[in-house]
Structure formats: C-alpha cells, structure tokens
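Report on the structure given below.
The values are calculated or read from the model by the stated rules, or taken from the named source; none is laboratory data. This structure is a prediction, so every number in the text was calculated from the model and none was measured. No Cβ is skipped: glycine too gets one built from the backbone with ideal geometry, and neighbour counts run over all protein chains shown.
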Amino acid sequence: MKTAICIFEDEGFRNLLPLTYLRPVYDLKCGMLTLREKITKQLTSKDVILQVRTSLQKVLTERYPGIPINKYDADNILFINGRLLINKKIAKEIKKLDQNSALVKDGFVVAANLSVDNLRTLLASKEEFLPFHLLNSIKKSEVDCQLVNYAWDLVNANGNEIVNDFNLLVNKIPKIDSKKYRSVEFLNKNNIFISKGVEIQPFVFLDASDGPIYIGKNVNIMPHVNIQGPVFIGDNTIVKSRASIYHNTSISEVCKVGGEIEFQ
C-alpha cells in the first residue's frame with residue numbers, strides 16, 4: 001500500500017498575512033528550516049503531497065517540480081497541518097495514529113489518518129480548505145503541540161528551533177582546523193558547525209556556550225565579528241566587519257548583514 005503525507009493549509013494562514021500572501025504557511029521559516037522541511041525530516045517520508053490555496057497552486061508547481069500539488073494519488077494519506085511546529089514527541093504520536101483518527105489542537109486538526117471512504121468524502125468537496133468538519137466518524141484526540149497562529153509565534157520559538165534543527169541536521173561536527181582559522185576565538189567548539197567554503201577572517205569570536213552556531217556554505221565572516229549562539233547563518237551570506245550577532249538569530253541565504261543583530 002502506497003502511503004504519503006499531505007501537508008495542508010487551513011484558515012489559520014490569514015493570521016499570518018502578509019507573510020503568507022505569496023507563499024503557503026508551511027514555507028515560513030523558524031530556526032534553520034521551514035515548517036515543511038521540519039515535518040518531512042521528522043516523519044522521514046519520501047512521498048509528500050502539498051495542499052495549497054488555488055491562488056498559489058501554479059507558482060508552487062513551478063517551485064517544487066515533481067511534488068504533487070493538490071493531487072492525491074496515494075492509497076493511504078496522512079494529513080499534517082502546515083502550521084505545526086513539529087518535534088520528536090508529536091512526530092511519534094502522529095506515526096502511531098490509527099486509521100480514521102485525528103489529533104486536534106484548539107479545534108484545529110493537527111494530523112489525520114483517514115480511510116479510503118473518508119478520504120473520498122474529504123476530496124469530493126469543492127471547498128478551498130480540506131473540510132475535516134464533514135468527517136463525523138473519525139476519532140479525535142486533543143494533543144499538546146504548537147500550531148503557528150501569528151508571526152510572533154515564529155519569533156518567540158526561533159531560538160529553540162535553531163537548537164532543534166541543529167540536532168536534526170548535524171550528525172557529526174567536523175573538527176575545526178585551528179591553522180585555517182588563525183586568530184579566530186572559538187568557545188565550545190563542539191557546538192559549532194562550519195560548512196564547506198566558509199571564510200572566517202581574523203579577530204572573530206564565536207561563542208556557542210549558550211547554544212549552537214551553524215554557518216552555511218560559502219559564508220564570509222569579516223574581521224572583528226562577535227557571534228553568540230544559538231545562531232544560524234545561511235549559505236552565501238556575508239557578515240560585515242564589527243558586526244555583533246546575538247542569541248536566537250537566524251540569517252537566511254545570500255544576505256549581507258552588519259551592525260548589531262538580535263532576534264526579538
């Protein structure tokens with residue numbers, strides 16, 4: 001039996017406007033990864049379906065070629081709310097879901113495992129969002145988890161999510177070459193991951209005593225920079241001289257940053 005996960009949007013996307021005007025809610029980033037990336041990595045599923053508003057279907061089809069968009073060609077589908085800030089605990093509960101059962105939070109469906117008949121009922125509707133309210137026969141259980149309701153939920157969770165994503169992505173931390181990074185000060189090296197092609201110039205201080213520091217590929221960190229983890233710096237980013245990057249900060253790919261940066 002072919003099983004897939006479907007990451008879906010619900011009416012909650014409206015509270016995240018304007019961030020969700022041009023992207024689905026599950027493409028918002030928190031920590032190091034998007035909500036979608038967190039779900040697929042925690043549930044380790046190769047077969048993924050994305051449900052999205054009709055207005056974004058065409059652009060999402062171009063963005064993710066090869067991934068079914070609003071197409072449900074699978075024998076068994078596990079539905080996951082795209083606003084879910086997933087972790088190992090809730091991932092285990094989702095994996096244990098029996099057929100025709102759902103996990104809910106404050107009236108919103110978090111995850112649902114449906115039979116073929118219920119799946120047909122769900123997909124037969126012409127509503128913009130999947131009408132789980134039509135499925136009276138499913139067993140619902142309240143679950144302790146976090147759904148992203150407002151933009152500040154992403155901000156407040158960012159530091160913890162850097163830590164969670166770091167542990168999810170980094171299996172082994174390569175030994176830092178002291179000869180390559182001369183006159184660079186490292187505090188708690190075991191919590192610092194440096195990708196390939198990174199240039200760290202002299203008189204930089206990387207302090208990972210309060211949380212991990214992840215530096216993406218081809219990042220250039222200029223002299224006299226202070227970084228205090230947890231911090232994420234995406235690929236191909238430039239950190240200008242004398243910048244100070246403080247706790248709980250995420251910097252995306254292909255950025256140029258300077259001055260004092262703090263994620264609050």
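Structural remarks
- Taking the range 69-91 as the range and being farther than 18 Å from Thr34 by Cβ, free of Cβ contacts under 8 Å to residues at least 60 places away in the same chain and part of a loop (DSSP other than H, G, I, E, B) as the test, the residues that pass are Asn70, Lys71, Asp73.
- For Ile94, the test of being part of a helix (DSSP H, G or I) and buried (at least 19 other Cβ atoms within 10 Å of the Cβ) is passed.
- Tally, over the range 1-28, of residues that are touching a Ser or Thr at 6+ places or on another chain (Cβ under 6 Å) and within 20 Å of Leu97 (Cα to Cα): 1
- Cross-chain or 6+ apart pairs with Cβ under 8 Å, the range 23-45 first and assigned to a helix (DSSP H, G or I), then of a type in the set (Ser, Thr, Tyr) and surrounded by 20 or more Cβ atoms within 10 Å (Cβ to Cβ): Leu35/Tyr26; Arg36/Tyr26; Ile39/Tyr26
- Those residues of the range 65-118 which are at pLDDT below 90 and aromatic (Phe, Trp, Tyr), in sequence order: Tyr72
- Looking only at the range 8-58, and only at residues there that are under 26 Å from Leu169 (Cβ atoms), surrounded by fewer than 16 Cβ atoms within 10 Å (Cβ to Cβ) and among the basic types (Lys, Arg), the one that is modelled with the lowest pLDDT: Lys46
- Members of the range 242-264 that are touching a residue at least 24 places away in the same chain (Cβ under 8 Å) and surrounded by fewer than 16 Cβ atoms within 10 Å (Cβ to Cβ): Ser252, Glu253, Gln264
- Residue satisfying all of: in the range 129-148; outside any loop (DSSP other than H, G, I, E, B) and touching a residue at least 24 places away in the same chain (Cβ under 8 Å); surrounded by the most Cβ atoms within 10 Å (Cβ to Cβ) among these: Phe132
- Between Asn156, Asn164, the distinction of being surrounded by 14 or more Cβ atoms within 10 Å (Cβ to Cβ), touching a residue at least 40 places away in the same chain (Cβ under 8 Å), under 23 Å from the mean Cα position of the chain (by Cα) and over 20 Å from Asn220 (Cα atoms) belongs to Asn164 only.
- Test result for Leu85, surrounded by 16 or more Cβ atoms within 10 Å (Cβ to Cβ), within 17 Å of the chain's Cα centre (by Cα) and of a type in the set (A, V, I, L, M): yes
- Taken together, Ile233, Ile213 contain a single residue that is surrounded by 14 or more Cβ atoms within 10 Å (Cβ to Cβ), closer than 16 Å to Ile192 by Cβ, in contact with a Leu (Cβ under 6 Å, 6 or more places away or on another chain) and of a type in the set (A, V, I, L, M, F, W, C), which is Ile213.
- Among the residues listed as Phe186, Phe232, Phe205, the single one being aromatic (Phe, Trp, Tyr) and under 25 Å from Leu28 (Cα atoms): Phe232
- Per this entry, Asn100 is not counted among residues that are within 16 Å of Gln51 (Cα to Cα), of a type outside the set (Ser, Thr, Tyr) and either touching a strand residue (DSSP E or B) at 6+ places or on another chain (Cβ under 8 Å) or in the same structural domain as Arg36 (by TED's automatic domain parsing) (or both).
- Subset of the range 59-82 (residues that are farther than 24 Å from Val116 by Cβ and loosely packed, with under 11 Cβ neighbours inside 10 Å): Glu62, Pro65, Gly66
- Condition check for Gly211 on (1) touching a helix residue (DSSP H, G or I) at 6+ places or on another chain (Cβ under 7 Å); (2) modelled with pLDDT under 95: one failure, at (2).
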